[in-house]
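Notes follow once the structure below has been shown.
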Amino acid sequence: MGAQGMVRAGWPPLAARWLAGWLTLWLAWATVAQAAPPEAPTLTVAGWLERLYAATRNRAYSGTFVVTRGDEVAAARVTHVCDGQHQIERVEALNGPARVTWRYDDEVLTLWPRRQVGLRERREVLRLFPGPSRVPGLDVDQHYRALARGAQRVAGLDAWVVEFAPRDEWRYGYRVWSEQTTGLALKLQTVGPGGQVLEQMAYTDVQLDVPLRMDALLRQMADTQGYRVQQPNLTKTTLQALGWRFNAGVPGFQWLGCWQREDASARERPPVQCVLTDGLASVSLFIGAGEPVPARVSGAMQVRSLRVGEYTLTAVGEVPAATLQRLLAALEREP
């Protein structure tokens, strides 16, 4: 019944117009609600990861994201530009100590404005926000399976929800909200046994295809006037060269390399960091001096340490504690 019919039936004119308008909106909403949402693409874990990476290769975006790890909550503003060959990213912490982190390809510059100090280093293994490290040659589908979990809206954008479920007990699972048009990861959860969310990163607002220029951001990154910037000297090495060997570790985890840092306070035994990954999770093994550190848990991050002769081995990673313990036990000194 339209507004005129309601008036003829005895409805007051204003009430008739209001009710007719409300019914029109309700019918329109019901029609949209009944329309079938687009189905998520049928992809392997490797296929979903490639979609996430493709979203960053030729796209400029900016937004605010929040990281929740246990009782800790941190927010940051991210700006990202990529021209298909190079990418630059600026991440500004919005709470806690003032800090700005720049990344240009594998070069990372962290600045602390209040102290006017900075740290410049190169990282061959980088984790894009939000998402895992990209490592060619790893068969992630051997250790995870992709499960579509429908569609949701994040930061005002439609996203497909996909779960990367672990095939064994040596790793955690992940849920990713991938923007339907671009593939950009809008939200990422690390999931423990029983579906418990251990850690979450999510955009609260994001703008896609913003008018940003890489050369302008590069000039800003290069402007460190007034800062005392340190640049540690890292040397790539191997376990064998350092007198260590690695026995059977954890299935699926592959060595990415070892780096030795020249440290004036430990000239006789410079600390060493070795990195392993299964394509989604990564673990750092540190070999150095000093006493073992206490076991710690922060969200998905675990820390375990033990003493081997004159050395202290420390494992840090977003994996179950048993995984770190097994990796530590696999490290042995050469006879």
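The values are calculated or read from the model by the stated rules, or taken from the named source; none is laboratory data. Keep in mind it's a predicted model, so treat the numbers as computed, not measured. Don't worry about glycine lacking a Cβ; one is built from the backbone with ideal geometry, like all the others, and counts go over all protein chains shown. For the accessible areas, the whole protein counts, side chains as well, though only heavy atoms, and no ligand, DNA or RNA atoms are used. Shrake-Rupley method; radii C 1.70, N 1.55, O 1.52, S 1.80 Å.
Looking at the stretch 70-124, the strands (runs of 3 or more DSSP E) lying wholly inside it that each contain 1 or more residues that are over 19 Å from the mean Cα position of the chain (by Cα), of a type in the set (Asp, Glu) and under 22 Å from residue 227 (Cα atoms) sit at 117-122.
Within the stretch 141-161, one or more residues are in a helix (DSSP H, G or I) and not β-branched (Val, Ile, Thr). Here is the figure for the stretch 179-204: residues that are open to solvent by less than 40 Å² (accessible area, probe 1.4 Å), farther than 19 Å from residue 281 by Cβ and assigned to a strand (DSSP E or B) total 4.
The combined condition, being open to solvent by 40 Å² or more (accessible area, probe 1.4 Å) and under 24 Å from residue 297 (Cα atoms), is fulfilled by residue 97.
Taking the stretch 162-178 on its own, how many of its residues are assigned to a strand (DSSP E or B) and open to solvent by less than 30 Å² (accessible area, probe 1.4 Å)? Number satisfying all stated conditions: 8.
The residue pairs whose first member lies in the stretch 202-230 and is farther than 16 Å from residue 91 by Cα, whose second member is open to solvent by 50 Å² or more (accessible area, probe 1.4 Å) and in a helix (DSSP H, G or I), and whose beta carbons are closer than 9 Å, counting only pairs six or more residues apart or on different chains, do not exist in this structure. Just one residue in the set 241, 248 is without any contact (Cβ under 8 Å) to a residue 12 or more places away in the chain and farther than 30 Å from residue 83 by Cα; that residue is 241. The condition of being open to solvent by less than 80 Å² (accessible area, probe 1.4 Å), closer than 30 Å to residue 182 by Cβ and in contact (Cβ under 8 Å) with a residue 24 or more places away in the chain holds for residue 279. Quick one: in the stretch 43-66, which of the residues that are in contact with a Gly (Cβ under 9 Å, 6 or more places away or on another chain) and hydrophobic (A, V, I, L, M, F, W, C) is farthest from residue 142 (Cα to Cα)? Taking the candidates together, the pick is 55.
Taken over the stretch 186-226, the criterion of being among the β-branched types (Val, Ile, Thr), more than 12 Å from residue 173 (Cβ to Cβ) and within 18 Å of the chain's Cα centre (by Cα) is satisfied by 204, 206. Scanning the stretch 291-335 for residues that are part of a strand (DSSP E or B), open to solvent by less than 20 Å² (accessible area, probe 1.4 Å), out of contact with any Leu (no Cβ under 7 Å at 6 or more places or on another chain) and under 22 Å from residue 166 (Cβ atoms) yields a single hit, 303. Does residue 242 meet the test of being open to solvent by 50 Å² or more (accessible area, probe 1.4 Å) and within 23 Å of residue 123 (Cβ to Cβ)? So residue 242 fails the test. Checked against the criteria, residue 217 does not count as hydrophobic (A, V, I, L, M, F, W, C) and open to solvent by 30 Å² or more (accessible area, probe 1.4 Å).
May I ask you to verify whether residue 6 is at pLDDT below 90 and in a loop (DSSP other than H, G, I, E, B)? Criteria not met by residue 6.
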